[in-house]
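One structure is given here, and the rest of the page talks about it.
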Amino acid sequence: MLKTRSLFWNHHLITAPEIDTEWLWVLTLVFMGLSAVYLVSVFVFRNRISSTSEKTKKLKKELSPMISEFLFYEDDVAKSEKSHYIDLKIQVRELLKDRFNRQLLTEVLLDLKKDVSGDTRMRLLQLYQDLGLHNDAFAKLHSWRWEVIAKGISQLTEMQVESAYSFISKFINDRRSTVRKQAEIAIVTLKPEGINYFLDTTRYKISEWQQLKLLDVLRNRETFDPPRFKLWLTSTNRHVVLFALRLIKYYNQNDANSSLVELLKHKTALIRLEAIECIKEFNVVEALPVLKKVFYKSNTDIKIAILGTIGELGGQADTGFLHAVAQREGHFSVKSKALAAINMIAPETVMPTEGIDHFEVEPVEREILDSTYKTDENMEEGVRPQEPLADLTISGKEDQSAVEAGLGASDMSTALSVVTSEAATGLGKGLVGATASRETGKKGQCGTAQEHVPPSVSGGKGLRSVSPGLGPPANIIFLPPVTPSDPSPYPSFDKTNSMKDATNHGPDILNLEVCYEEIRAMPGRPDRTDQPQIHSDDIDFLPPTAGNEEEGKTENDLVAQGFSNAVDDPGFVPGPVDMSDGIEGYGLSDFEVEFVKAEDRGPIEDIGFELEEAPYSVEDEGDQDDVLTWLLLQNELNEIEVEYEEVTTDLPLDDQWGHLIPEPVYYDHHETYMMGLLDDLEEMGDHREIPLLEELLAAEKKNFIKDRIVRMIKLFSRQHDGHTTTKKNYVEELNLPFFSVFADLFKNIDREAKLILLDEVVAVGDEKEIKFLDGLLEHPDTEIRDKAHQVLKLLVDKMAREKQSEKDKKKESEARETKALFDRQMAEENPEVDYTEDEFHQLLDEMEIEPSADPEVFEIDFEPEEALDRCHSKEILDMPVVATEVSHNGASFLFQLYRLQRNFMCKLNG
Amino acid sequence: MVRKKLLLAEDDELLASLLNFRLNKGGYEVIHSSNGKQVKEFLGQTMPDIIVSDIMMPYFSGIELIGYVRNELKSAVPIIIISSAGNEENVLNAFELGANDFISKPVSPSELLVRVARELNKN
């Protein structure tokens, strides 16, 4: 019960405010009055709007036949019509005396102007001026309001009042953008020479939208003879320059090439970009050196534009620059554009490299090919199937489906032979074309050949070649061109021959120096030791087959032409490979062979075999698993004198480089776990991990882990100490002023709560709050200001009392100490004498020591008292709550409503 | 001389008034309707010699009007449609449904007069 009461006593501040009924009635009446005013005004305004609308509608109905009469009046009409026309004129003149009617008629004419064309429109424009409506528009130009001026200009422009040109032209540099823009359009619309005046005089920015609108005006002008816009390329207003460039491009004025080239160096990127566009449009080839010059100083957009222009205008000489850009530039778009530009100059110079799949020869395909080639042997010479220089590989799925469909080997072979013979013919043609193109010094010799070679074998019979046709042009460039009438001094090169036919290799070929890079297959690599699995991609390193001299002339031509292109390639290392029997009937020629410069050769991993750590080791020379050895054996080439590229060293490899190669460290399970844990702790932990680390240290046996733990403990300890010290120093250095908790609260609460809070300041505040209350004395709200003033007074009193009390307490304590000292001394001196309190005070007087004012100084109660447990008298607890405590200070809603009127009046009075 | 009846379906009062005046002066008896409903009502009673209709009209568009005349009334009365520029799709629809001619806004009343005369001469 007591607790409940004390609770109520503590929360008396949130009691509902007392309502003053007198004010309530006043407010009710005020609100009723306001509602009435509101309703009446809505009614009045609505009626006015609807009546105006009705009036407008009626007047429009009245005016429209008149307008029609005026528009379609012709002089050669009957007398009655003429008199009717004169009557109408008089009627209209009467109507136009009223300003509203004039406005309405203007609106009508403006509306009609949009809907009619031809001679009716011309008559309508004339009527506008005849009726003198343009005078109103002129009057608007003198207004101080920008929207009225803009409306006036717009009206004069719409109704094409040419006489307004000189009046409007003075607004061309108006600082109000709407007026200025309207004037710009008016100037360009009203007279053909307006564009010249505008470009000459405008000092302001011409926005993109404005440029479009102006261009639209110019575009729709009938019989417009555009001026030479190059005259404004020298303007000091860069927006004029930009607009002039756009107009030059639009009107195809290609007589400003030098200026365009000069503008490539302009500071403004947009102008540079527009100049580049013009250069591209007008094929200004002389701009190419400057384009290259400014390229590296430009942003990405301009770079792309420059590359596009070089691609369009450039020649072979510019490809070097483009290649350099493609190599150096980091930005993807620029790089791509550079490559695109190269291809624009020399088509298909740069081939696609991304996402190109490498098709592998599957066993089933191999069987099909095998059977095909066996059939090929029986074919007549000259019709021998010939695939392109690159391999003929077969798409797995289609081929598979063909096999599954039950196509016999003979069918397949027939299909393939037909297709391949076609390919051969095509290739032959292609290469002839290539020869011709090479001889005439044109670019892209083999590009032509590639275009002639059917890129794929038709899938009609279930077979599809995915060979891209010829390989890169440089790969076969070393062979001279051979014509059918000119027997080749070089051995013929049969790509499609089976190995059985490839026995007659010439001795010259065999004596060629061969430079092999030795590789060794990893042990455990599959499977068939005698016939390892080799994919066409895996033997890129192998040189081409050279052999049969008895090949058809066409083949010779093809190969010779191809190889002749590669003669210039000094890095090429040819290798004669004579193959009597291929892998499962394949010749090496059956695989995709790529001639690569020795120094350009790709990473060794490309070969497809796993390499050992020391690829140059020769210790496994005789290993039968070695693919190369196996291939040589299979093709009876093991007798060929092979020159290995060896790295000869005096010392073993380990001795030479061992000191440079770090020892590998392998962790066991525990070590891995511990190192991971320590990594995590190091990354995310702090001094709180020290106990854990100490535990780990105690349990750990490995020295290197122990070392790391110790290091971490030291690190964390150092960090913690440093942090603590720093924090302490920081706080000390700050020497922060006392901060009032009320100040913070005060910011985030409403007015009512503020006033309540101020009441609480007296109860719980101390000297820290004085400064805060001091600040509130300048608060804009008078209520809060007054309240703060009162509270400040009370608080100062309270603080003064507390200070006094503290002083008293201090004195009491001193007195107590003195008495204790006195008692002790007296007891020591005269233990039998017992001093009373009066005697003690008398003594103090004698000694001129001031005793404590508190009579109960010796009965100090140090027991702390719980506020909630405090016992209050019944009178206090039954005391009625004063409701005005809140409402009085003006925090209630009704009080604020009451104050609203006064505040409103205050605002009105400034 | 009997004047040809021309139904002008146009919701813009000003333009309608202007065209009405011009066509009237050109020798036609013009019946003006400002919305599709009125047009439908009128067509239920009499069939004009020619219809000049705007495509965009309240309640009953010009396209619907063509459909109504051709499919429901089974009439071959010439229909000239008025359409805003850039409304080619509607114009094509109108031709598919059986419109005879079209004229785009802004309209030249003189041109309209010529087109009306031509359509009537065709028939």
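The values are calculated or read from the model by the stated rules, or taken from the named source; none is laboratory data. What you see is a predicted model; the values in this text were computed from it and never measured. Here the Cβ positions follow ideal geometry from the backbone for every residue, glycine too, while neighbour counts run over all protein chains shown. Heads up: the accessible areas ignore ligands, DNA and RNA and are worked out on the full protein's heavy atoms, side chains in. Shrake-Rupley method; radii C 1.70, N 1.55, O 1.52, S 1.80 Å.
Things worth noting here:
- Per the Cα gyration tensor, chain B maps to an equivalent ellipsoid with semi-axes of 18, 17, 15 Å, ordered largest to smallest.
- Look at where the Cα atoms of segment A:750-782 and of segment A:153-168 average out, and the two centres are 66 Å apart.
- Each of the peptides A:32-43, A:287-298, A:85-96 was scored by the mean count of other Cβ atoms within 10 Å over its residues; in descending order, highest first, they stand as A:287-298, A:85-96, A:32-43.
- Each 5 Å bin from zero holds the following percent of Cα-Cα pairs in segment A:669-720: 5, 22, 37, 25, 9, 2, 0.
- Taken across both chains, chains A and B shield about 1400 Å² of accessible surface from a 1.4 Å probe.
- Inter-chain shielding of B:5-17 (mean C-beta neighbours from other protein chains, 10 Å cut-off): 3
- Largest accessible area first, the residues A:M675, A:M159, B:M56 order themselves as B:M56, A:M675, A:M159 under a 1.4 Å probe with ligands, DNA and RNA left out.
- For A:N254, net neighbour charge (Lys/Arg +1, Asp/Glu -1) across residues whose Cβ lies under 12 Å away: +2
- Averaged over B:104-112, number of beta-carbon atoms from partner chains that fall within 10 Å: 5
- Based on C-alpha pairs under 8 angstrom that are at least 6 apart in sequence, segment A:753-822 has a relative contact order of 32 percent.
- Fraction of C-alpha pairs exceeding 14 angstrom in segment A:753-822: 63 percent, rounded to a whole number.
- Accessible carbon and sulfur surface of segment A:157-305 relative to its total accessible area, %, 1.4 Å: 49 percent
- Once the convex hull of all Cα atoms in segment A:87-147 is built, its volume per residue stands at 96 Å³.
- Note on B:K74 and B:V114: their simple-model spin labels are 3.7 nm apart, each label 7 Å out from Cα toward Cβ.
- Per residue of A:108-116, other chain Cβ atoms within 10 Å of the residue Cβ number 5 on average.
- Residue-level accessible surface for A:K140, protein heavy atoms, 1.4 Å, Å²: 50 Å²
- Kirkwood Rh in Å, taken over all unlike Cα pairs in segment B:44-91: 11.3 Å
- Over segment B:7-67: Kirkwood hydrodynamic radius from C-alpha pairwise inverse distances, Å: 11.5 Å
- Ranked order, A:R203, A:R219, A:R816, A:R175 - accessible area, probe 1.4 Å, largest first: A:R175, A:R203, A:R219, A:R816
- Area accessible to solvent at A:F167, 1.4 Å probe radius, in Å²: 100 Å²
- When A:K191, A:K55 are compared by accessible area of protein heavy atoms, the largest-first order is A:K55, A:K191, using a 1.4 Å probe.
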